[in-house]
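Here's the structure we're looking at; comments come further down.
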Amino acid sequence: MPKKEIVLLEEAVSLLRVIAKQSPVIKPVSSKDGRFVRNADGTVTDNLLHLIWYPTLPEKMNWQRAKEECEKIGCRLPTRKELESLVDITRYNPAIDKEIFPDTKTDDWYWTGDSVAGSPGNAWCVGFRSGCVNGWNKDYGSYVRPCRSSQ
């Protein structure tokens, strides 16, 4: 394995350890409809979109740094549609299943990887207090929930 890949792998393991220390012991659990499976390592398997969702990263960051941090752990920012699909419109504060996504923050936005058309300085964000979607300045700090393909 090339040295660069080893360093990236070590950084990813280190970040996952930081996330794991912030989270309580996680018992695997499935959503009622079977779409989501929360795994013992804190990730969530999304059987509909064939994604692995990672826990919320430990700090808010601007959009460019969010992309870079996701890449370090072999992930990416979700698309607007992917992140918006986590919103549960039958819930409020949080508008997400807390049993599956217990670390979800509701006091600010979560970045997507999608820029706002016609406004390249903004990216789409999802807020899990009420499930709103909004364009947000890429220089602002927001939360990050990385994802990657499960296939």
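The values are calculated or read from the model by the stated rules, or taken from the named source; none is laboratory data. Small disclaimer: the values here were computed from a predicted structure and weren't measured. All Cβ positions, glycine included, derive from the backbone under ideal geometry; neighbour counts span all protein chains shown. These accessible areas exclude ligands, DNA and RNA; they are computed on the full protein's heavy atoms, side chains included. Shrake-Rupley method; radii C 1.70, N 1.55, O 1.52, S 1.80 Å.
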Exercise for the section: Look through Leu49, Leu86, Leu16 and report the one residue that is within 18 Å of Ser150 (Cβ to Cβ), modelled with pLDDT under 95 and either within 11 Å of the chain's Cα centre (by Cα) or open to solvent by 20 Å² or more (accessible area, probe 1.4 Å) (or both). Expected result: Leu16
Exercise for the section: With respect to Arg129, determine if the residue is under 24 Å from Ser31 (Cα atoms), charged (D, E, K, R) and modelled with pLDDT of 95 or more. Expected result: yes
Handout entry: Residue among Lys81, Lys67, Lys138 that alone is open to solvent by 10 Å² or more (accessible area, probe 1.4 Å) and touching a helix residue (DSSP H, G or I) at 6+ places or on another chain (Cβ under 6 Å)
Key = Lys138
Handout entry: Search result, residues across the stretch 109-135 that are outside any strand (DSSP E or B) and either in contact with a helix residue (DSSP H, G or I) (Cβ under 6 Å, 6 or more places away or on another chain) or more than 18 Å from Thr56 (Cβ to Cβ) (or both)
Key = Ala117, Gly118
Problem - Selection from the stretch 108-121 of residues that are touching a Phe, Trp or Tyr at 6+ places or on another chain (Cβ under 7 Å) and open to solvent by 40 Å² or more (accessible area, probe 1.4 Å) - result: Trp109, Asp114
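With respect to Thr106, determine if the residue is out of contact with any Pro (no Cβ under 9 Å at 6 or more places or on another chain), in a loop (DSSP other than H, G, I, E, B) and either basic (Lys, Arg) or closer than 28 Å to Lys27 by Cβ (or both).
No; evaluated as a whole, the condition is false for this residue.
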Handout entry: Close pairs (8 angstrom Cβ cut-off, 6 or more residues apart or separate chains): touching a residue at least 12 places away in the same chain (Cβ under 8 Å) and closer than 16 Å to Arg35 by Cα in the stretch 76-91, open to solvent by 70 Å² or more (accessible area, probe 1.4 Å) and not basic (Lys, Arg) anywhere
Key = Ser85/Leu48
